[in-house]
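First the structure, in the form of structure tokens, and then the observations on it.
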């Protein structure tokens, strides 16, 4: 997720899962193939990992088979990744209007070429390539069953399905029955389910109802890195669940700010990073970054609007600590009200596509020219 699944947040999630003896794959923010092979500074920052992060998983977006293969080769030959996830699920208009993301599997030949060349580029290094996708463009243009068969045939290590179409965006209810249908079609590699997993119990229920081999969590972990501790316990058959007090939530937020500051300081590029002002600038950037997380962390807790607004405006750890100290830290976990949907949802919409995109499953010259521009300015989502 753009601006969310960076190195700092992945650390919190990974530590939460490890606390319950679990182990998962925590995928980087989306990075474009072209920007990566051009060694764009921001793209290289997006794929940074902690020294002890394993497996190092990179989410790659691309529309040109040769460029995707080159990006994969860069990642694996320079030992920058242990796993590569190809994103064919992004529904945002700036991506689909050029034929990328969730629009791309409609062009089945192009989809086949991208997956196949990526797998072949990674194979000599023993790095698995996985595929993430949606059901299709809309209910009249479903692609997931065919795309699943293609990905399996081209050697993808697993296939993940967000059980919505691009036109549904994040609205309504995910169609878990589609995950079950995909599981019936894709039989030689694992099938992972995604969509509306807001709690560990949701994950257990999805696996029971669909037969999928595992789950992908997206919006459900926003402001709740401890969800992965719950998942590890639930999938091991244990009843343990994390129910933090407000004080414990604030302590997690503080750790998040510290991790972000470390991340930005290590990344450099902040004027005098490493000099006298480096740590201060990194701390300021971290405080600004945490603002988008405040409402998610505090969901369900009794915290007044003034305090919420204040936490969203802090510019230093000292300011954060002063405001946090004024809140009722012993306030208990608010239960179900702290769970459930979070993040953007929006409403169903017509998918923005290149002109004539739906006329054929083949990539004609006009569509090929359009799609060359699909990677511009979309790193990070």
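When 8, 48 are screened for being touching a residue at least 60 places away in the same chain (Cβ under 8 Å), surrounded by fewer than 20 Cβ atoms within 10 Å (Cβ to Cβ) and within 17 Å of the chain's Cα centre (by Cα), only 48 passes.
With respect to residue 16, is the statement that it is touching a helix residue (DSSP H, G or I) at 6+ places or on another chain (Cβ under 8 Å), closer than 21 Å to residue 256 by Cα, surrounded by 22 or more Cβ atoms within 10 Å (Cβ to Cβ) and touching a residue at least 40 places away in the same chain (Cβ under 8 Å) true? Judged against the criteria, residue 16 is a match.
Give the range 129-151 a look and list any residue that's in a loop (DSSP other than H, G, I, E, B) and either touching a helix residue (DSSP H, G or I) at 6+ places or on another chain (Cβ under 7 Å) or not assigned by TED's automatic domain parsing to the domain that holds residue 178 (or both), or say none. The answer is 135, 137, 141, 143.
Of the residues 84, 114, 137, which is at pLDDT 95 or above and closer than 23 Å to residue 346 by Cα? Selected residue: 137, the only one of 84, 114, 137 that is at pLDDT 95 or above and closer than 23 Å to residue 346 by Cα. Condition first: over 30 Å from residue 199 (Cβ atoms), at pLDDT 90 or above and touching a helix residue (DSSP H, G or I) at 6+ places or on another chain (Cβ under 9 Å). Can you find one or more residues in the range 368-375 that meet it? No, the conditions are met nowhere in the range 368-375.
Restricting attention to the range 342-355 and to residues that are modelled with pLDDT of 85 or more and loosely packed, with under 12 Cβ neighbours inside 10 Å, the residue that is nearest to residue 164 (Cα to Cα) turns out to be 350.
Among the residues of the range 78-107, those identified as closer than 20 Å to residue 120 by Cβ and not in a loop (DSSP other than H, G, I, E, B) are 83, 84, 85, 86, 87, 88, 104, 105. May I ask you to verify whether residue 104 is over 22 Å from the mean Cα position of the chain (by Cα), closer than 17 Å to residue 357 by Cβ and crowded, with 17+ Cβ neighbours inside 10 Å? Considered against the rule, which asks whether it is over 22 Å from the mean Cα position of the chain (by Cα), closer than 17 Å to residue 357 by Cβ and crowded, with 17+ Cβ neighbours inside 10 Å, residue 104 comes out as no. Checked across the range 43-58, the condition of being modelled with pLDDT of 95 or more, assigned by TED's automatic domain parsing to the domain that holds residue 194 and part of a strand (DSSP E or B) holds for at least one residue. What about residue 220, is it assigned to a strand (DSSP E or B), surrounded by 20 or more Cβ atoms within 10 Å (Cβ to Cβ) and in the same structural domain as residue 129 (by TED's automatic domain parsing)? No; evaluated as a whole, the condition is false for this residue. No other residue among 168, 209, 184 is modelled with pLDDT of 95 or more and either outside the structural domain of residue 132 (by TED's automatic domain parsing) or assigned to a loop (DSSP other than H, G, I, E, B) (or both) apart from 168.
The values are calculated or read from the model by the stated rules, or taken from the named source; none is laboratory data. Because the structure is predicted, anything quoted here is derived from the model rather than measured. Neighbour counts are summed over all protein chains in view; Cβ atoms, including those assigned to glycine, are modelled from backbone coordinates with ideal geometry.
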